[in-house]
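Worksheet: one structure, shown below.
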Amino acid sequence: MRILDGFRNQIALAMAGKKGSPWGSGDNSGSGGDDGDGDSGGSKPSGPRNPWLPGGGGKDGPRRSANIEDIFKNRGPEGPRRGGGGGGFKMPPRPGGKSWFPVIAFALVGLWVFMTGFHQVERNEEGVVTTFGKYSRTIGPGISLTMPAPFQQVYKADVTTVQSIRIPEEGTEKLILTGDQNLVDLQYKIRYRIKDLKQFRFQLAEPRQTVVEVAEAAMRASVAEQTLDDTFSGAGRAEIQDRVRSRMQGILDAYRAGVTVVGIDIEETDPPAEVVDAFKDVSVAEQDANAAINRARAVEQQILAGAEGDTAAFDKVYEEYRQAPEVTRRRLYYETMERVLSNTDKTVVETEGVQTYLPLPEIRKRSQAQSAAQPSTITVEGQ
Amino acid sequence: MGNIWQDHKTSLIAIGLVVLALFSTIIVVPETQQGVVIRTGEPVRVVNKFRPDQDYGETGAGVQWRIPIIERVEYVDKRILDLDMEREQVLSSDQQRLQVDAYARFRVIDPVLMVERAGTTQGLRAQLEPILNSVVRQELGRFTFAAMLTAERGTAMSNITRKMDEEARAYGAQVIDVRIKRTDLPEGTPLAAAFTRMETDRQREAATIRAQGRKNAQIIRAEANAKAAKIYADSYGVDPGFYDFYRAMQSYDTTFGKAAAGQDKGESSIILSPNNEYLRQFRGR
């Protein structure tokens, strides 16, 4: 700002410096020692009026438009200083007694060229250079030089980083119809990369929105080819992802969008919130069924182990029995009888024809003593 | 230096005017636009017109010329533009309702025709939108609800694109692609009915799974019993006579033997006849 103000002041002062015509008699300005070419020296006191302004060139007031020659004529330390009462800002004198103007002008031009002519393209970027709107070349990473702003322009974009778009937005539900007319709430991510920057830049009016819409269309078409259960299974999801990717790539290539679809990630497939309980019950039912099967398997193990144990015991005894059948048989019989009869009350009835006496009162007494016990009386008949 | 002006002012002014004239004859057409040059209301030519086989940089984009004052330039987008369809309710051939969202992608291929018939790109959109709506509704309405959802949609979409394209050509536009973004059940009863159906479907599935589980458990148990029976038969069948004896011994043990800890068998009294096999040796024979 300060520089600009100074510049404007300088113009204003240059104008104010001239009484009479702004074009004429520049020789009386300041010492004029170094620019005294002499050819303008008062020879034409009434020069032509400024053609761009309405008449009245004799006015003293500063003019907005100044001839560059006049300004140059005023250079030197005295020029700007003279009559500079109005402006508060004064340029310090430049060594060598020259005007600041060329320096400033040069700096401005330099700045302009530097700001709009040098382009740093990052490692992951490419730039499209247009000359008056016409595509001229694509520049790679590094610093490139182009013509300054209105002539050449550069559009830079990231072409290596994979960009991702999540659909739908976080926390919202997006219901998609499946092939069996069910609804599924599906969230996915599109990963894409710019393949051809100039196509991306020039071919589509809204490249990013196009990518999203194409993804939507491809996703819905692909889900409509699957059943609801497939969308929940890993294999079905993988297939959907694959189909969406190739569909999208096909459509975008047909548009010549300059986009590579890197991948589609289905992040979540859920049943709609309204029916989620019924879906949960299905998995509970699966658990229940598995539990029933597990219990049956436990019983199976018990039964089989019991059978194997029983038969193994029998086989062992049978082996012995085969060695000496009669003896083993007797031994087993007596051993069993010992265990059985040692544990019971015994009554031996000697004489035939005598009625068997059952000690019923005693039994009753016993049963009263241990009410829980069930007395039993067994008669073992002879063989 | 100041004298340059004085000496050459006429030529300087002339140069200035020439430069000014030059600037007013230059038009800058960006790569993304087509310029229709209109001379006194009549479109005379098109700069940077879309041609499918042209690569960027070889088109007519960039600096172009015109006759100042009498020629004016109308810019028309050269890129692929999108046309969004309003959410429409489509009735399938089996009288079910479906909410359909579609989009079309189009490009102005004849900017002169487009400027004449539709004016601006906005105007073109306004013309094409009702066409898209009616074509989509008409074409999809031929399908059953199920077919709308599934693969048959492919043929429907190409039909729609073709019809759309025919209509759009009249406005100098080419329809590249029409696609259905979403198909949804309408809010309210149809959606609720779908949810109910899904719910009952799952309930049936859950019941089936549970019954299957029970069935499988039963089968497992039965198979175990069968296997056990076979094991027993294989082992005991070798000598049924001995098995009978052996098992009887075990049974007496269990019935009359000492009760195991925590088990209560009740008391037993046994009355033996002297003829009993066990007492055989009593007789001293």
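Every number here is computed from the coordinates shown, using simple stated rules; none is lab data. What you see is a predicted model; the values in this text were computed from it and never measured. With ideal geometry, Cβ positions are generated from the backbone for all residues, glycine too; neighbour counts draw on all protein chains shown.
Whole-percent P(r), the stretch B:191-285, all Cα pairs, 5 Å bins from 0: 2, 9, 7, 9, 9, 10, 10, 7, 6, 5, 5, 4, 4, 4, 2, 1, 1, 1, 0, 0.
Remark: B:ILE80, B:ILE67, B:ILE38 ranked as B:ILE67, B:ILE38, B:ILE80, counting other beta-carbon atoms within 10 Å and listing the fewest first.
Once you have a ≥ b ≥ c as the square roots of the Cα gyration tensor eigenvalues for the stretch B:138-217, tell me rounded if a/c is under 1.5, and otherwise prolate or oblate according to whether a/b is larger than b/c. It is prolate, given that a/c is not under 1.5 and a/b is the larger ratio. In chain B the longest region clear of GluC sites (Glu not before Pro) that are loop-assigned by DSSP and have at most 12 other C-beta atoms within 10 Å covers B:87-186. Placing +1 on each Lys and Arg Cβ and -1 on each Asp and Glu Cβ, with no other charges, gives the stretch B:143-196 a dipole about its Cα centre of roughly 100 debye. Per residue, the Cα convex hull of chain B amounts to 440 Å³. Here the convex hull built on the C-alpha positions of the stretch A:117-237 has a volume of 129 cubic angstrom per residue. The 3J(HN,Hα) values that the Karplus relation (6.51, -1.76, 1.60; θ = phi - 60°) gives for the stretch B:56-73 are, in residue order, 5, x, 10, 7, x, 5, x, 7, 10, 10, 8, 8, x, 6, 7, 10, 10, 10 Hz. Gly and Pro appear as x. Pairs of alpha carbons in the stretch A:179-228 separated by more than 12 Å make up 71% of all such pairs.
Bridging of B:LYS258 to aspartates and glutamates at a Cα separation below 18 Å is possible for A:GLU335, A:GLU338, A:ASP345, B:GLU267, once same-chain residues fewer than 8 apart are set aside. Database remark: amide H of A:THR347 closer than 5 angstrom to the amide H of B:ILE270, B:ILE271, B:LEU272 (H placed geometrically; neighbours at sequence offset of 5 or more, or on other chains; Pro and chain starts carry no H). Cβ-to-Cβ counts within 10 Å put A:HIS119, B:HIS8 in ascending order as B:HIS8, A:HIS119, the fewest first. Principal axis extents of the C-alpha atoms in the stretch B:77-175 (largest first, rounded to whole Å): 44, 20, 18.
Dipole check for the stretch B:184-285: with +1 at the C-beta of Lys and Arg, -1 at the C-beta of Asp and Glu, and the Cα centre as origin, the magnitude is about 500 Debye. Around the amide H of B:ASP177, modelled in the peptide plane, lie the amide H atoms of B:ARG105, all under 5 Å away and 5 or more residues distant in sequence or on another chain. The label point for B:TYR243 and the one for B:GLN212, both projected 7 Å from the Cα toward the Cβ, are 3.9 nm apart. With θ taken as phi - 60° and the Karplus curve 6.51 cos²θ - 1.76 cosθ + 1.60 applied, the whole-hertz 3J(HN,Hα) list for the stretch B:90-101 is 10, 9, 6, 5, 9, 6, 9, 9, 9, 8, 10, 10 Hz, x standing for glycine and proline. Both radii are taken from the alpha-carbon atoms of the stretch A:143-212; with Rh as the Kirkwood radius, Rg/Rh is 1.19. Rounded to the nearest 0.05, the FRET efficiency derived from the C-beta distance between A:LYS280 and B:ALA126 at R0 = 51 Å is 0.55.
Checking the Cα-Cα distances for A:LYS316/B:LYS230; A:LYS174/B:LYS163; A:LYS195/B:LYS163; A:LYS156/B:LYS181 against a 21 Å cut-off, the pairs over it are A:LYS174/B:LYS163; A:LYS195/B:LYS163; A:LYS156/B:LYS181.
As a ratio to 2.2 N^0.38 Å, the alpha-carbon radius of gyration for the stretch B:11-85 is 1.35.
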